[in-house]
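See structure below.
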Amino acid sequence: MPRIKKGKRGSNKCSLRHEVLQLQLSAKGPLSLKGGRNGVKGESGASDDELASDVLSHYSSASESASVVDEATGGGGEPVDEQTAQEETEDKLKQCIDNLMDKSAKTRLAALDSLGGAFSSKLLYDFLIERRLTVSDCLERSLRKGGGEEQAAAATVCAQLCVQLGGGDEGEEGFKILRPVLSAIMIDGCASVSARQSCARALGMCCYVSAAEDGEDLVKSMSHLESVFTMSYPNREGTLPTPNAGAPGLHSAALHAWALLVTLCPASRLTVLLDLHLPKLQACLESSDVNYRIAVGETIALLVELGRDIDREFEFEDSDTLCECLKGLATDGNKHRAKNDRRKQRTIFREVLHYIENEDFSEEKIRFGVEGIYIDSWMRRRVYDAFKEVLESGVRHHLQFNPLLRDIFGLGPPLILDSSVKSSKISRFEKHLFNSAAFKARTKLRNKVRDKRADVM
């Protein structure tokens, strides 16, 4: 089954990026291009623009966490050996953890930003396993006593910490500590909107990673998320409430996190959720906020997909009205909306409409190193997007090396390739077959787990 983040840039950032890009391009040599379906490149490699984007994205992430990563590797000066770099990185991380307990809010916030950049761009399981309780306690303190900006940053690091620790006992232990305070901030109407949004995303990710086998934590987390986004549901007269400033963004974050957790629910629970939420979500397609409309449309498509997984004959009872509404949004030319908003909305709702009517899904390929995964379902897209929201530019690094993500996406253990293997080619079709087989195997395993949890739910 399908299951991605970021200190100050130095004055030499542009020259560094330029030099790295030139070295990368010269090392690769001429790139041959071959078109692919849905904008996916063929096996011959990525385009220059894509390569440039990947390289600049990587070095943007590295530069943002300069206090931890760049300084540990010499900061652009003399190269250091791997062991020395590792020791210096750990020293910087230890200092960041110490700074989380500093009296200065500015110092604590800088430490959170540096930890976030390091957690996103590197795998630090061995370092964190011995310090997980200390880090969790520091994050809990920032969440309880910090201001809105500090709370938002701490919540993001909470999610990244869970991704670093994985889905074992250590990750679950951290989630048990952090879940109550994440939930409390998220449902607190007096807390800052940015902090509530960040807590909603963190609650969804931490629960997905750490508590997949714990029905009680899953139910509680979903209930708290529902209490947030259902505030956008129509009242008894069928009228949508007028949203407060920042509310649509909060509702979108809570809805996306809830949708992520829905993918873990057993069939018996899914049936109840479909009946309860699909009609209300359809009404929310009339929301005045484009991003919330899109979040609602994607969630509807996901719920219908899960319903069809349970019963191949599943159909939403008011599907004709739903399709008419989706057609209107897919062709919306309202001049009162921003041009980019209209374009984004039309693209997403065309995909939703095609899936509802014909079960067509626009397949996407995510490439990293010599590997790639296919995003070929709404469930797989929701899971990938959730990790990308948390890890940002570091998601591809984690897909390559993080056992948690590789297990979730059916990739197996991290590859260890020598130069001769790297230069060999595997056909796109062979990779697609491998990814499909691995995903089907994981789905079967998930279904078994769902059955075991049915009594708990």
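The values are calculated or read from the model by the stated rules, or taken from the named source; none is laboratory data. Because the structure is predicted, anything quoted here is derived from the model rather than measured. Cβ placement follows ideal geometry from the backbone for every residue including glycine, while neighbour counts extend to all protein chains displayed. The protein model used for the area step is the full one, side chains on, heavy atoms only, and it has no ligands, DNA or RNA in it. Shrake-Rupley method; radii C 1.70, N 1.55, O 1.52, S 1.80 Å.
Things to note:
- Where the alpha-carbon atoms of region 262-302 are placed on the principal axes, they occupy 33, 17, 10 Å, in descending order.
- Calculated translational diffusion coefficient of region 107-174 (37 °C, 0.692 mPa s; Stokes-Einstein with Kirkwood radius over alpha-carbon pairs) equals 276 µm²/s.
- One chain, two ends: Glu324 and Ile177. Fully extended at 0.36 nm per residue, the span grows by 48.3 nm beyond their Cα-Cα distance.
- Listed residue pairs exceeding 32 Å between alpha carbons, taken from Lys122/Lys176; Lys92/Lys344; Lys106/Lys280; Lys339/Lys388; Lys176/Lys344: Lys92/Lys344; Lys106/Lys280; Lys176/Lys344
- Value of D in µm² per second that Stokes-Einstein yields for region 85-210, Kirkwood Rh from Cα pairs, at 37 °C (0.692 mPa s): 231 µm²/s
- Put a dot 7 Å past the Cα of Lys280, heading toward its Cβ, do the same for Arg312, and the two dots end up 3.3 nm apart.
- Solvent-accessible surface of region 85-210, averaged per residue with a 1.4 angstrom probe and all protein chains in place: 38 square angstrom.
- Protein accessible area in region 85-210, 1.4 Å probe - carbon and sulfur %: 45 percent
- Packing rank of 247-257, 81-91, where each peptide gets the mean count of other beta carbons within 10 Å, highest leading: 247-257, 81-91
- Per-peptide average of other Cβ atoms within 10 Å, ordering 130-142, 93-105 highest first: 130-142, 93-105
- Region 330-399 - accessible surface per residue (Å², probe 1.4 Å): 44 Å²
- Highest average first, the peptides 185-194, 289-298, 310-319 ordered by how many other beta carbon atoms sit within 10 Å of their residues are 289-298, 185-194, 310-319.
- Long-range amide H partners of Ile375 with built H, under 5 Å: Glu364, Lys365, Ile366
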